[in-house]
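Input: a single structure, listed below in structure tokens.
Here, each number is a calculation from the coordinates, and none is a lab measurement. Since the structure is predicted, the reported quantities are computational estimates derived from the model, not experimental observations. Positions of Cβ are generated from backbone atoms using ideal geometry, with glycine treated the same way; all protein chains shown enter the neighbour counts.
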Amino acid sequence: MSAFVALLARDVRLATRAGGSAMLALAFFAAVATLVPFGVGSEPELLARVAASIVWIAAVLASLLALDRLFQADYEDGSLDLLALSPLSFEGIAAAKIAAHWLTTGLPLTLLSPLLALLLNLPTKAYITLLVSLLVGTPAISAIGGVAAALTLSIRRGGLLLPLLVLPLLTPAVIFGAGAVLARLDRIENGAIWFLAAFSAVAVLLSPFVTAAALRFNLAE
Amino acid sequence: MLAYANPKRFMELSGRVLPWLAGATAFLFAVGLYLSFAAPPDYQQGDTVRIMFVHVPAAWVAMMAYGFLALASLISLVNRHPLADVAAKQAAPLGAMFTALALVTGSLWGRPMWGAYWVWDGRLTSFLLLLFLYLGYIALRNAVESETRAAKAAAILALIGVVNLPIIEFSVQWWTTLHQGESIFRAGGPAIAAVFLWPLFAMAAAYTMLFFTLVIVRIRTDILERRARALTMGHAA
């Protein structure tokens, strides 16, 4: 247990330092969300409709930023080999790193989202729904991203391939996450948040095992 | 199946089987195309109903190809069957082509039928996702330098994406959609007239034979390429 916590703490500390990914992801998130009204036009009605999707897509893209360095950085300087020799299993390593990624990327994004929703003219009644949908959905982004990061571990420029692998797998999260907010706006109850929760639960529970399998054969040679 | 693990045995067996497969493909296409043109125009859709004979078999084979890919990936990971990852690698581009074909022909059919080239309903969206899964598989397989690592990574990716197949299959039941619902494999028998079913099944059989012919040709080519490379390396040494 302490090995898990130690790895988690190390990764969180690395990410929150200057040059780490936490602030970068937040800045990217804000930049993307602010860019869209310039393209779409600032008509309030239109923005209110697309606000949820913009925030969600920006959240997915911002989370992708830190993903290709998730295992790559440790792989390159040999730390991953040392971690493999530690008492922590590969599943534990994967779970710790994915959790650290969520704590330093997904969670701050979620907390910043009401501010962006304000900029994008989302009606106030949907703020809680947006918060909850991001809170429930961002672990899935980190989990599936972690799997893809482990699969693309030894590729040079693997960071370019990562979005191609991750985005199709994250489509249900975006559909149900933004869909939950739209349902709240339209006063419909379509259970989207529950589908999102189920998707997240499955992703979070299975990803350490799949990630560990990918890490094992990448380190084996 | 372990008997075919030896590439030499596979080459012998496939070499004998291949002419028959190719012949069957040609024959089935001849029959299927004849029946497709001989079928009468539909009372509602007119002659555009014939797009069904090109679109539906392509979609069926695209999904079957992904099943083939996933099965080969599973065997490659679990049994370490040496030809399984070759089969997976060679099936992926074929599956991607059939998916693209289904999407394009479906789009062309949608314009006269629904008035739209594309709608974001469950069936079309999940089928587009299938194309992205294929492309991601091909990209990952080609990006990793070590062939064995590439095979394993791509195998895991293929197995993750298998969850899309039932989604495609049941999307017309789960969500309201413009796309045709279950019309053939349903309780109560097919809802399509026999005069359209025969061309459809003939073309489906032809497409399936085409897929297997092509995938066997590609596996044989891969084995021959490896031999050529080994010979070149041996010669250089």
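Figures for the structure shown
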{"quantity": "Under 14 Å, Cβ to Cβ, from residue B:65 - net charge with Lys/Arg +1 and Asp/Glu -1", "calculated": "+2"}
{"quantity": "Gaussian network model of chain B, Cα within-10 Å springs - most flexible of B:34, B:43, B:137", "calculated": "B:43"}
{"quantity": "Anchor residue A:125: lysines whose Cα lies under 17 Å away (excluding residues fewer than 8 positions away in-chain)", "calculated": "none"}
{"quantity": "Förster radius 60 Å - calculated FRET efficiency between residue B:43 and residue B:222, Cβ distance, rounded to 0.05", "calculated": "0.80"}
{"quantity": "Residues B:235, B:81 arranged by fewest to most Cβ contacts within 10 Å", "calculated": "B:235, B:81"}
{"quantity": "Cut-off 19 Å (backbone N to label point 7 Å along Cα→Cβ of residue B:121), residues of region B:29-54", "calculated": "B:44-46, B:48-54"}
{"quantity": "Farthest positive-ward along chain A dipole, Cα basis, beta-carbon charges - from A:141, A:163, A:28", "calculated": "A:28"}
{"quantity": "Inter-chain shielding of A:206-212 (mean C-beta neighbours from other protein chains, 10 Å cut-off)", "calculated": "1"}
{"quantity": "At least 30 Å along the helix axis (C-alpha) and Kyte average at least -0.5, DSSP helices within chain B", "calculated": "B:7-38, B:52-78, B:84-114, B:122-143, B:194-236"}
{"quantity": "Tilt relative to chain A, helix A:44-67 - C-alpha long axis, 0 to 90 degrees, to 10", "calculated": "10 degrees"}
{"quantity": "For chain A, built as a Gaussian network whose Cα springs stay under 10 Å, the top-fluctuating residue of A:148, A:22, A:48", "calculated": "A:48"}
{"quantity": "For A:211, B:208, B:148, order by how many other beta-carbon atoms lie within 10 Å, fewest first", "calculated": "B:148, B:208, A:211"}
{"quantity": "Surrounding net charge for residue B:175, when Lys and Arg each add one and Asp and Glu each subtract one, Cβ distance under 9 Å", "calculated": "0"}
{"quantity": "Within a Gaussian network of chain A (alpha carbon springs, distance under 10 Å), most fluctuating of A:38, A:199, A:28", "calculated": "A:38"}
{"quantity": "Residues residue A:23 and residue A:48, FRET efficiency given R0 of 35 Å [Cβ-Cβ distance, rounded to 0.05]", "calculated": "0.75"}
{"quantity": "Set of lysines near residue B:89 by C-alpha distance (under 17 Å), chain-local residues within fewer than 8 positions excluded", "calculated": "B:152"}
{"quantity": "Top positive-direction residue, dipole computed over the protein assembly as shown with Cβ charges, set B:213, A:18, A:64", "calculated": "B:213"}
{"quantity": "At R0 = 30 Å, FRET efficiency that the Cβ-Cβ distance of residue A:73 and residue B:80 yields, to 0.05", "calculated": "0.45"}
